[in-house]
Amino acid sequence: MDYFGTIRGPREVIFGSGQRRALGAVAGRLGKRALVVTDERLAKDAEFLSLIAEIQAAGLAVRVESGTLPDVPVDSVNAATQAARSFDPDLIIGIGGGSCLDMAKCVALLLSHGGKPQDYYGELKVPGPILPLIVLPTTAGTGSEVTPVAVLSDAERSLKVGISSPHLIPTIAICDPDLTLTCPPGLTAIAGADALTHAIEAFTATRRPVTHGLTQERVFIGKNAISDQFALLAITLLWQGLEAACADGANVTARAQVMMGATYAGLAFGVAGTGAAHAVQYPVGALTHTAHGQGVACLMPWVMEWNRPVIGPELTQMAVAMGLASGDEVIPAIAALFARIGIPPTLAALGLAEDQIDWVAGQACGIERLIQNNARPIARDEMVRLLTAAFSGDHGLIQ
């Protein structure tokens, strides 16, 4: 075993049923004027309003920004930031799904350093710490509560864009699985499949040559000894809990397993990064307008099949974590789980047209930070073959 690794995470992670009630006390330690970022639906929710009351009872002035939209359009970030300036917050609190947490990260960034989101696209462009940030996820999937990433949609670009910096990692994450109890089965499946994909791609990412500067020169350093432990824990928990949570949303044990799995997966991919499944999903999502979690999960078994020749040891370890007899059973088992919870099994079922495969291959191969992080190199002609297999459902096309 190579004993090199790193992990980056919040100053504090508070996990457990009912732990949302710690929010007032936590906020009181960090600020006096809290901007709470959420979406329009949650802003009217009784549980959300009770959390706002608790923050106020702790002595903080509160302003609610409820303009978060799916996929976080860049213009909405600018508008929310501008509206918040007169309030002059010294603390940002994000409550909601991944988009709400990413919106909170971006608003905290712009209030701290000015400019516009486009100034920070890519890796390591954030010049320094941002305002203190507390996040409470209400879905279990993106892992944004512990990651250095915010993903936005830019109308001027055909693909989603990301801002990646350790400075974006929230100060404190409060993960209360009770907040996911009302999440509908379809969203539970998509979000949880996204989390499982994060864990698998982090665990099977390339292992980069170790240098003394690696952790300082990159946000995503590839597979390493520490991220592997979080990835395996995530795989174990999600394998145990995801299908049960989809079948019975009131299953508190399964809900806790899925949320903890999503958080561990976030810690893993927040340093290891993701790979080809994510690279392909960006152009596929732009064409099909399907949920991110659906796309990456649809692609994950096919990418694992492509990577199979070089991830034998990882498949064996995954088999142990999943309670399977051998590594040969892992990929079919993952595909079967995704099918049972409603993930489309092929790109055709996802809605991609066959004549779009070549364009998707070119776009995906152009996302070099993800393609280069994949366990097995993949050239453009090989990508076309992989996508053709994933479109048609023909495993024989992958060698």
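Couple of notes before you dig in:
- Using a cutoff of 8 angstrom between alpha carbon atoms and counting only pairs six or more residues apart, the relative contact order for the chain works out to 16 percent.
- With bins 5 Å wide beginning at 0, the percent of Cα pairs of region 1-127 falling in each bin runs 2, 10, 19, 21, 20, 13, 8, 4, 2, 1, 0.
- Per residue accessible area in Å² of the chain, where ligands, DNA and RNA are left out and the probe is 1.4 Å: 38 Å²
- When the chain is treated as a GNM with alpha-carbon contacts under 10 Å, the residue of Asp88, Asp228, Asp154 showing the greatest mean-square fluctuation is Asp88.
- Residue-count net charge about His278 - beta-carbon cut-off 12 Å; Lys, Arg +1, Asp, Glu -1: 0
- Within the accessible area of the chain (1.4 Å probe), percent carbon and sulfur: 53 percent
- Residue among Ser112, Ser50, Ser153 with the largest mean-square fluctuation in a Gaussian network model of the chain, springs linking Cα atoms under 10 Å: Ser50
- Mean Cα-pair separation over length for region 163-310, i.e. relative contact order, pairs under 8 Å, 6 or more apart, %: 31 percent
- Axis angle, to the nearest 10 degrees, between helix 312-322 and the longest C-alpha principal axis of the chain: 60 degrees.
- Listed residues Lys44, Lys105, Lys223, most fluctuating in the chain (Gaussian network, C-alpha, under 10 Å): Lys44
- Relative contact order (%) - criterion: Cα under 8 Å, at least six apart; region: region 25-112: 40 percent
- Pairwise Cα separations in region 221-379 fall into 5 Å bins from 0 onward with the following percentages, short to long: 1, 9, 15, 21, 22, 17, 10, 3, 1, 0.
- Mean residue ellipticity (222 nm) of the chain, computed from DSSP H runs ≥ 4 via -39,500 (n - 2.57), nearest 500: -15500 deg cm²/dmol
- Of Lys32/Lys160; Lys44/Lys125; Lys44/Lys105; Lys125/Lys223; Lys44/Lys116; Lys160/Lys223, those spanning more than 26 Å from alpha-carbon to alpha-carbon: Lys32/Lys160; Lys44/Lys125; Lys44/Lys116
- With Cα atoms, 0 to 90° folded angle of helix 225-247 axis to the chain main axis: 90 degrees
- The residues packed around Thr211, meaning those with a beta-carbon under 14 Å from its beta-carbon, carry a net charge of +1 if Lys and Arg are +1 and Asp and Glu are -1.
- Between helix 380-392 and the chain: long-axis angle, C-alpha atoms, 0 to 90°, nearest 10: 90 degrees
- Based on every Cα atom in the chain, Rg and the maximum pairwise Cα distance Dmax equal 20.1, 63 Å.
- When +1 charges are put on Lys and Arg Cβ atoms and -1 charges on Asp and Glu Cβ atoms, the dipole computed for the chain relative to its Cα centre reaches about 900 debye.
The values are calculated or read from the model by the stated rules, or taken from the named source; none is laboratory data. This is a predicted model, so every value here is computed, not measured. Cβ sites come from the backbone with ideal geometry, for glycine too, and all protein chains shown count toward neighbours. Note: accessible area is taken over every heavy atom of the protein model, side chains too, but ligands, DNA and RNA are not part of it. Shrake-Rupley method; radii C 1.70, N 1.55, O 1.52, S 1.80 Å.
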